[in-house]
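What follows is calculated from the coordinates using simple rules that are stated; it is not laboratory data. Computed from a predicted structure; not experimentally measured. Heads up, the Cβs are rebuilt from the backbone with ideal geometry, glycines too, and the neighbour counts pull from every protein chain shown.
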């Protein structure tokens, strides 16, 4: 079934500077022969290095389409896993990043240091009315700085708690809607031999931070967190320590297994899809892996996606973690600015549309979408998102690089014996409230 999600869109056009959109007529007597086109290689970097990641396939199919339409352009792609990728991009842009033309990264605070250093190309002059009309209203805030647009969205995401109903039934536990039910479920699930109640993936800082951010969302509320992340409210405000205390309480109850800091994102995902973990807190993109990963042994029809459990009397049920923040950007030092910007706009639209059609994310682009392959788990998350009112981006994308790094590292300290939540708060205050 083809479904018009946000309205009808037209066929993608090649981005050209708006100042040169008019055509110049050829003078009489000139030849009709076209000069040979320069052969161009664009070096493009992204973080979808795992072959089971369907977004990697979406990207590769889009590249093949682009190269077919532009015979003189070759796309050379480099990939790394997420954490290594962040480190590599930071190191490259400490210099000129001369080997990069276009690269995937997170907007908002995550990209701000690179923007402030003047190392990215704004794309405003290339945004035709056709392109602007295809972009979903309200989806570009993370890509705009000081009145300039540096990129366009791919897709948004939504944080959900994925639950294996079969394991819950075996443990006599209830799918949690409140924190107390979550804690009770973890205690019961921990009694099942070989089962980890929540596969946290805390070896990767962003995964540890996801768990803390989920607790903070329910303790503090979306509006208050956004105010804190923008520097309007101190981290010492009520709720942030309490959220850390809840993560520690879950750890002490055996929620994350024996050695959560030895298990990273990929291993945590594998544990869930092979039935060795009962819960996985992750972005909407994980719904696709549950259904498509060839190593999965769990029955996907027995998996449900639910909202982050509530803390009675605190937060709003319509608050959620997620939003538009992922995109492809253009290095100011590229030798081919027109071609690089054209490809960046193209790949953002293609990945945005493809992410929706495979059930991994929610497109930032208007147009017709094929919903025939959407898996039921993704549809559940889509319904949850439709109920949402206030979204909070992952903190390591809202914050600039130094506080983002410290936040992720401090979140990891909550997944070890003797965690000090007072020190956790003090470290955040030191970097967030300078």
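Pairs of Cα atoms in segment 263-364 fall into 10 Å distance bins, from 0 up to the last occupied one, in shares of 12, 31, 29, 19, 8, 0 percent. In summary, segment 72-196 shows an alpha-carbon radius of gyration equal to 1.60 times the 2.2 N^0.38 Å reference for compact globular proteins.
Length, then width, then depth: along the principal axes, the Cα atoms of segment 116-174 run 59, 31, 13 Å. What the pair-distance distribution of the chain shows, using all Cα-Cα distances binned every 10 Å from zero, is 4, 21, 30, 25, 13, 4, 2, 1, 0 percent. The Rg/Rh ratio of segment 370-434, with both radii computed over alpha carbons and Rh defined as the Kirkwood radius, is 1.19.
The alpha carbon convex hull volume per residue for segment 140-199 rounds to 133 Å³. A straight line joining the Cα centroids of segment 90-165 and segment 318-356 runs 6 Å. One quarter of the convex hull surface built on the alpha carbon atoms of segment 27-139 amounts to 10.6 nm², the projected area averaged over directions.
Every Cα-Cα pair in segment 197-324 was counted, and those over 21 Å apart are 44% of them.
Placing R0 at 41 angstrom, the Cβ-Cβ distance between residue 192 and residue 242 gives a FRET efficiency of 0.90 after rounding to 0.05. Let a ≥ b ≥ c be the square roots of the eigenvalues of the Cα gyration tensor of segment 80-140; is it rounded (a/c under 1.5), or, if not, prolate (a/b larger than b/c) or oblate? Prolate. The alpha carbon centroids of segment 362-412 and segment 253-289 are separated by 18 Å. A Cα-only calculation for segment 309-372 places Rg and Dmax at 17.3, 56 Å.
Please check: in the Gaussian network model of the chain (C-alpha springs, under 10 Å), which one of 77, 397, 140 has the largest mean-square fluctuation. Answer for the Gaussian network model of the chain: 77.
Considering every alpha-carbon pair of segment 259-309, the percent of pairs per 10 Å bin, from zero through the bin containing the longest distance, is 23, 60, 17, 0.
Gain on full extension, evaluated as 0.36 nm per residue between residue 401 and residue 258 minus their Cα-Cα distance, stands at 48.4 nm. Comparing 245, 319, 130 in a Gaussian network model of the chain where C-alpha atoms under 10 Å apart are linked, the largest mean-square fluctuation is found at 130.
Just the Kirkwood number for segment 219-287, please: inverse of mean 1/r across all distinct Cα pairs, in Å, one decimal. Computed over segment 219-287, the radius equals 14.4 Å.
Quick note on segment 339-392: its Rg to Rh ratio, both from C-alpha atoms and Rh being the Kirkwood radius, is 1.05. What the Kirkwood sum gives for segment 151-241 is a hydrodynamic radius of 15.5 Å, with every pair of different alpha carbons counted. When you restrict to C-alpha pairs under 8 Å that are six or more residues apart and normalise by the size of segment 271-430, the relative contact order lands at 24 percent. Once the Cα atoms are used to define both axes, helix 337-357 deviates from the longest principal axis of the chain by about 40 degrees.
Cβ-Cβ distance of residue 38 and residue 423, R₀ of 51 Å, FRET efficiency by 1/(1 + (r/R0)^6): the value works out to about 0.35. Size descriptors for segment 183-229 (Cα atoms only): Rg and Dmax, in that order, 13.9, 43 Å.
What does DSSP give for the chain in terms of the percent of beta bridges that are antiparallel, rounded to the nearest 5? That works out to approximately 65 percent antiparallel. How high is the relative contact order of the chain? Use alpha-carbon pairs under 8 Å, at least six apart in sequence, and give a whole percent. Contact order relative to length: 28 percent. Taking the convex hull of the alpha carbon positions in segment 317-415 and averaging its projected area over all directions gives 9.4 nm².
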